[in-house]
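Remarks on the structure that follows.
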Amino acid sequence: MSDAQTTPADSGTPASTELEYHRVARSGQVPEGYVRRFYVGELECAVARLGGKAYATSNYCTHLDCLLSSGKLVDDGLGCSCHGSVFDLETGEPVYPPATEPIQVYPVREEDGQVYVGVSEADVVAGGPRRRKPRGD
């Protein structure tokens, strides 16, 4: 597999919703029980491994935009380090408050010791960058 591969998200959908898988890390960079920050272009992702499976989500908590890659994995999912919200890694749904809105989840493939995250053009536009760049940059 190359660093990017296109796969239709749903037959008959416009090209902007087609998933393209991007290599974000070596499998060893995401050890069991850890969450790390990686980028797909401008899109910032939290990539975690729990129960031997790799997951990818948006990197910002829907409560107050805290970095989820600074959080910890718990039995129920991905915990935000700021206020304790927990999100289901499969669905993105909040499991524990204060967050009430889900986070975005992305499909993950692991092949030949590499982690690939599937995103569409629409995901990249909607998901990043969240932090404002200083003027003049």
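Laboratory data are not the source of any read-out in this text; all were calculated from the coordinates shown. In this text the structure is predicted, and so the values were computed from the model without any measurement. Neighbour counts run over all protein chains shown; Cβ positions are idealised from the backbone, glycine included.
What the table shows:
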read-out: Check: the range 20-127 dipole with +1 on Lys, Arg Cβ and -1 on Asp, Glu Cβ, in debye; value: 400
read-out: Cα-derived Rg over Rh, computed across the range 20-127 with Rh taken as Kirkwood radius; value: 0.94
read-out: R26, R36 arranged by Cβ crowding within 10 Å, fewest neighbours leading; value: R26, R36
read-out: Residue-span extension gain [E110 to K53] - 0.36 nm each, minus C-alpha spacing; value: 19.6 nm
read-out: FRET efficiency estimate (nearest 0.05) - Cβ-Cβ, E93 to Y34, R0 25 angstrom; value: 0.70
read-out: Added length on full extension, which subtracts the Cα-Cα distance from 0.36 nm per residue, E121 to H83; value: 10.6 nm
read-out: FRET efficiency for R26 and D76, using Cβ-Cβ distance with R0 set to 25 Å, rounded to 0.05; value: 0.35
read-out: Sequence-distant residues sharing a close amide H with V74 (under 5 Å, placed H); value: G79
